[in-house]
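This report concerns only the one structure given below.
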Amino acid sequence: MLLFLKIKHWQLFIITWAFTCIAILIGFFDIGLALTLIPIVLITGSIGFFGWIYSIGTTIHPLLPSDIKMNIRLFKYALIIPIIFMFLLISWISLTYFNQLPDMSDISATRIATIVVPLHLLSLVIISWAIIFVSKIIKAVEIQRSVRFHEITLEFFQIWFSIIGIWSLQPKLNRIVTELETSNK
């Protein structure tokens with residue numbers, strides 16, 4: 001997983017956002033083709049984003065000062081829920097678009113919503129918590145002390161709006177990883 005922290009910002013942008021941008025451009029000319037690309041866009045973007053978040057948390061966590069305790073095990077397990085939700089959502093969208101689902105006319109939209117909406121909200125809460133978690137790790141490693149939320153707002157928004165934030169946050173992560181590698185030699 002160190003790969004996500006060693007690559008340049010433009011390479012990470014390609015992994016996480018390039019297919020999305022291309023699909024949007026294609027959508028201006030051929031909406032059918034753009035809709036066909038949605039599963040690919042969601043899969044590549046999800047792998048890129050969750051891989052990046054996971055890499056930040058697991059790679060930089062050991063660099064925390066010894067007096068700061070953060071539950072990395074909870075972080076790892078918590079990320080499983082949004083990843084499973086994304087996989088199920090991508091599968092459902094793909095099967096629906098390509099008319100591969102069995103006849104579900106007897107299942108109401110309300111019943112489907114009672115499953116999808118809570119899982120979606122839970123995933124959003126977990127993703128927000130994971131972004132706060134890795135933002136705290138980045139900042140605490142950078143300043144070598146415990147941090148409060150107002151000190152991590154920049155990192156939080158750089159990750160949340162990663163389409164923009166990658167460009168400034170990834171070089172910082174590259175420096176941290178380089179320092180980690182030189183200190184281990």
message: On the basis of being open to solvent by 20 Å² or more (accessible area, probe 1.4 Å) and not aliphatic (A, V, I, L, M), does Phe133 make the cut?
response: no
statement: In segment 128-152, residues that are more than 19 Å from Pro65 (Cβ to Cβ) and modelled with pLDDT under 95 total 1
- prompt: Looking only at segment 136-158, which residues are aromatic (Phe, Trp, Tyr), open to solvent by 50 Å² or more (accessible area, probe 1.4 Å) and in contact (Cβ under 8 Å) with a residue 12 or more places away in the chain?
  reply: Phe149
task: Evaluate segment 148-156: report whether one residue or more is within 16 Å of Ile176 (Cβ to Cβ), among the β-branched types (Val, Ile, Thr) and part of a helix (DSSP H, G or I).
output: yes
- request: Given the conditions (1) within 23 Å of Glu155 (Cα to Cα); (2) touching a residue at least 24 places away in the same chain (Cβ under 8 Å); (3) open to solvent by 80 Å² or more (accessible area, probe 1.4 Å), report the number of the one that Leu74 does not fulfil.
  value: (2)
Extreme residue, farthest from Tyr77 (Cα to Cα), among residues of segment 49-62 that are open to solvent by less than 10 Å² (accessible area, probe 1.4 Å) and not hydroxyl-bearing (Ser, Thr, Tyr): Ile60
task: State all residues of segment 8-17 that are open to solvent by less than 20 Å² (accessible area, probe 1.4 Å) and either under 21 Å from Thr178 (Cα atoms) or without any contact (Cβ under 8 Å) to a residue 12 or more places away in the chain (or both); if no residue qualifies, say none.
output: Leu12
- line: Matching residues in segment 27-48 (open to solvent by 40 Å² or more (accessible area, probe 1.4 Å) and either part of a helix (DSSP H, G or I) or on the phi > 0 side of the Ramachandran plot (or both)) number 12
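The values are calculated or read from the model by the stated rules, or taken from the named source; none is laboratory data. Keep in mind the model is a prediction, meaning the values are calculated, not measured. Note: ideal-geometry Cβ built from the backbone for every residue, glycine included; neighbour counts use all protein chains shown. Surface accessibility is based on the protein's heavy atoms, side chains included, excluding ligands, DNA and RNA. Shrake-Rupley method; radii C 1.70, N 1.55, O 1.52, S 1.80 Å.
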